[in-house]
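Notes follow the structure.
No value in this document is a laboratory result; all are computed from the given coordinates. Values in this document were obtained by computation on a predicted structure and should not be read as measured data. In this analysis, Cβ positions are derived from the backbone assuming ideal geometry, glycine residues included, and neighbour counts consider all displayed protein chains.
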Amino acid sequence: MMSEIANDSIINVGNYNVYVDFDCIEYLDAYLNEHYKNHEKLVIVDENTEKYCLPLIDQSSSSLSKAEIVQVESGEHNKSLEIASSIWETLISYKVSRDAILINLGGGVIGDLGGFVASTYKRGIPFINVPTTLLSQVDASVGGKVGINFGSHKNSIGVFREPQAVFISTQFLETLEKRHFLSGLVELCKHGLIKDRDLWENIRDQFTFKNLEEEQLIHWIRQSVEIKHQVVSQDFEDKAQRRLLNFGHTIGHAIESASLVADFRPLLHGEAVAIGIICESYLSYKNLGLDISSIEDMIAFFSKNFDYYPLINHYDFVLEMIHNDKKNVGIRNNFTLLKGIGDAEINVNCSEEDILESLEFYDRAFAH
Ligand SMILES: NC(=O)c1ccc[n+]([C@@H]2O[C@H](COP(=O)([O-])OP(=O)(O)OC[C@H]3O[C@@H](n4cnc5c(N)ncnc54)[C@H](O)[C@@H]3O)[C@@H](O)[C@H]2O)c1
Ligand SMILES: [Zn+2]
C-alpha cells in the first residue's frame, strides 16, 4: 500500500522518511498497518489538535481506531517536567509496553514533549510525528531534537532521538491561527535565505496569506525539509554547521525573551525571528558586505506581513542578553550572517556598537 505514495511526497532524511502532501493520513494509516499492525498505539494531542486535527485522522485511519488518546493542555509552559511526568504516569497506568508506538499529533510543543516522553519511557519506545503547525512542519520535523523546558531554561533537558516517520499534511494548517501560520513562514524564509536563493525569492514574490496555492505551499515545505536535512546531516549533534540555522536567532531569541517579560501578549517565536532577520541582515551588511537591495527586499516582505514591534525600550535588555550569552557559553563569535542570499557564514563576531545600530536600523526601517 505504501508503494501508492507519489514519489515526490517522500523525502528520505537518513534514518526515516518525511511525507509531505495535502493529506498524508492515508499514508500514516498504511504505514501503521504495515509496521505496527498489532502494536498498542497512543496519540498525544492538545485541546486544539484534539478538536481540529484528531477528527480528520479518525475519519480515515482505521489503524488508530483503538488508539488511546492522551490530552495535554496547549502552551509552551506545558513543555515541562510536570507534564512529561503526568504522561509517564498515564503510560504506566495503561501498562504500556516497550512494543507500543506513540503518535505526536500537534505543533512543536507536542512533538518535543511527546518525543521526549517516548525517548525516555522504558529506555525508549518508537514515536511518529504528525506536525500540525507550519513551524513544526518546516522546522521540528527534521533534526532529532526532543526535550522540555526546565524552569525558565528553554529546551534545556532533552536528547537527540529520531521519529520512525513524519507525516506532514497541509490540510491541518487550515484551522491554524494566522499569527501562528506567519510565525512558521519565517522559518521557511530563513531556510531560503541561508541556503536557497530561489526558495526565498519565490516566497518573497508569491506569498499571500489569502490566496496561497496549496501546491505552492507543499512545494515550499518540501524544499524547506530538504534544506534542514542537508544542514543537520552534516552536524547532527549541533557542534558547528548546524549553527547555519541560527540566522536571525541570536537577536531574535533576545527579542523573544524581552517580549515575554514585557508584554501581555508576547511575540511568537517566528515573529521575533523576523525582527532578528532584519537586524542580523544589517549586521551582515556591516560585517560581510551583504548588499543593501537584499535587505530592502526583506524589509518590504516582512513589513507587509508583520506589524511593527518597537524595540526602543528593549535595547538594553537585548544587548545585555547577547553579552551574557557570550560570557556564559564562552562563545565569542556567535552570529550566523549572510554573505549573500542563500550563502551564510557561521561564527561571526559582532561588536556591541554594531548590534545596537542594527536594532536602531530595524526601528527606523519599520516605524512609519
Ligand atoms: N525539535 C525541534 O527541532 C524544534 C524546532 C523548532 C521549534 N521547536 C519547538 O516547537 C515549539 C513551538 O512550536 P509551535 O509553534 O508549533 O507551537 P505550539 O505547539 O504551541 O502550537 C501553537 C498553537 O497552535 C495550536 N495548534 C496546533 N495545530 C493546530 C491546528 N492544526 N489548528 C489549530 N490550532 C493548532 C496549538 O494548540 C497551540 O495553541 C517550541 O517549543 C519550540 O522550542 C522544536
Ligand atoms: Zn527558530
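Calculate the dipole size of the chain relative to its Cα centre from +1 charges on Lys and Arg beta carbons and -1 charges on Asp and Glu beta carbons; express the result in debye to the nearest 20.
About 980 debye.
May I ask you to evaluate 6.51 cos²θ - 1.76 cosθ + 1.60, the Karplus curve with θ = phi - 60°, for each residue of region 298-307 and list the ³J(HN,Hα) values in order in whole Hz, giving x for glycine and proline?
5, 4, 4, 5, 6, 6, 6, 9, 10, 5
Take the Cα coordinates of region 68-142, assign each an equal point scatterer, and use the Debye formula without solvent to give log10 I(q)/I(0) at q = 0.25 Å⁻¹.
Values, matching the q order: -1.22.
List, in the order given, every pair from Lys95/Lys228; Lys145/Lys210; Lys95/Lys145 whose Cα-Cα distance in the structure shown is over 31 Å.
Listed pairs above 31 Å: Lys95/Lys228; Lys145/Lys210.
Give me the angle, in degrees from 0 to 90, between the Cα long axis of helix 214-233 and the longest principal axis of the Cα atoms of the chain, rounded to the nearest 10.
The answer is roughly 80 degrees.
Just the Cα atoms of the chain, one point each, no solvent: what log10 I(q)/I(0) does Debye give at q = 0.07, 0.12 Å⁻¹?
Debye curve over Cα of the chain, log10 I(q)/I(0) at q = 0.07, 0.12 Å⁻¹: -0.30, -0.89.
Could you go through region 69-84 in sequence order and give the Karplus-derived ³J(HN,Hα) for each residue, using 6.51 cos²θ - 1.76 cosθ + 1.60 with θ = phi - 60°, rounded to whole Hz, and x for Gly and Pro?
Per residue, the Karplus-derived 3J(HN,Hα) values read 9, 10, 9, 10, 6, 6, x, 4, 5, 8, 7, 10, 4, 4, 6, 4 Hz.
So what J values fall out for region 336-350 if you push phi through Karplus, 6.51 cos²θ - 1.76 cosθ + 1.60 with θ = phi - 60°, rounded to Hz, Gly and Pro as x?
9, 10, 9, 7, x, 6, x, 9, 10, 10, 8, 6, 9, 8, 10
Would you mind calculating the relative contact order of region 182-366 from Cα pairs under 8 angstrom and at least 6 residues apart, reporting the percent as a whole number?
28 percent
Considering only Asn305, His323, Thr132, whose Cα is most displaced toward the positive end of the charge dipole of the chain, charges sitting on Cβ of Lys, Arg (+1) and Asp, Glu (-1)?
His323
If neighbour count is taken as other Cβ atoms inside 10 Å, put Met321, Met298 in order from fewest to most.
Ascending number of Cβ neighbours within 10 Å: Met321, Met298.
Who wins for biggest fluctuation among Asp263, Asp112, Asp238 in a Gaussian network model of the chain, springs between alpha carbons below 10 Å?
Between Asp263, Asp112, Asp238, it is Asp263 that shows the largest mean-square fluctuation.
How big is the dipole moment of region 209-356 about its Cα centre under a simple scheme where the beta carbon of each Lys and Arg is +1, that of each Asp and Glu is -1, and everything else is neutral? Debye, nearest 20, please.
280 debye
Under the rule of at least 5 residues apart or a separate chain, name every residue whose amide H is placed under 5 Å from the amide H of Val13.
Val18
Modelled label-to-label distance, Glu174 and Asn313, 7 Å Cα→beta-carbon offset: nm?
So the two model labels end up 4.1 nm from each other.
Can you list the residues, at least 5 places off or on another chain, whose amide H is less than 5 Å from the amide H of Phe150, using H built in the peptide plane?
Counting only residues 5 or more places away or on other chains, the set is Asn155, Ser156, Ile157.
How far is helix 249-262 tilted, in degrees, relative to the longest principal axis of the Cα atoms in the chain, given as a value from 0 to 90 rounded to the nearest 10?
80 degrees
Per the Kirkwood formula on distinct C-alpha pairs, the Rh of region 2-175 is how many angstrom?
15.9 Å
Starting from the amide H of Thr132, placed 1.01 Å from N in the peptide plane, find each other amide H under 5 Å away whose residue is 5 or more places distant or on another chain.
Gly106, Gly107
Tell me, Val142, Val225, Val159 in order of fewest to most beta-carbon neighbours within 10 Å?
Fewest-to-most ranking of Val142, Val225, Val159: Val159, Val225, Val142.
Can you compute the helix-only [θ] at 222 nm over the chain? Use -39500 (n - 2.57) per DSSP H run of at least 4 residues, normalise by all residues, nearest 500 deg cm²/dmol.
So the helix-based figure for the chain works out to -15500 deg cm²/dmol.
So for each of 66-72, 24-30, 88-94 I average, over its residues, the number of other beta carbons within 10 Å; can you give me the resulting order with the highest mean first?
24-30, 66-72, 88-94
Enter the angle in degrees (range 0 to 90, nearest 10) between the Cα long axis of helix 25-35 and the first principal axis of the Cα atoms of the chain, meaning the one along which they spread out most.
60 degrees
Please arrange Tyr31, Tyr362, Tyr315 by counting, for each residue, the other beta carbons lying within 10 Å of its beta carbon, fewest first.
So the ranking, lowest neighbour count to highest, is Tyr315, Tyr31, Tyr362.
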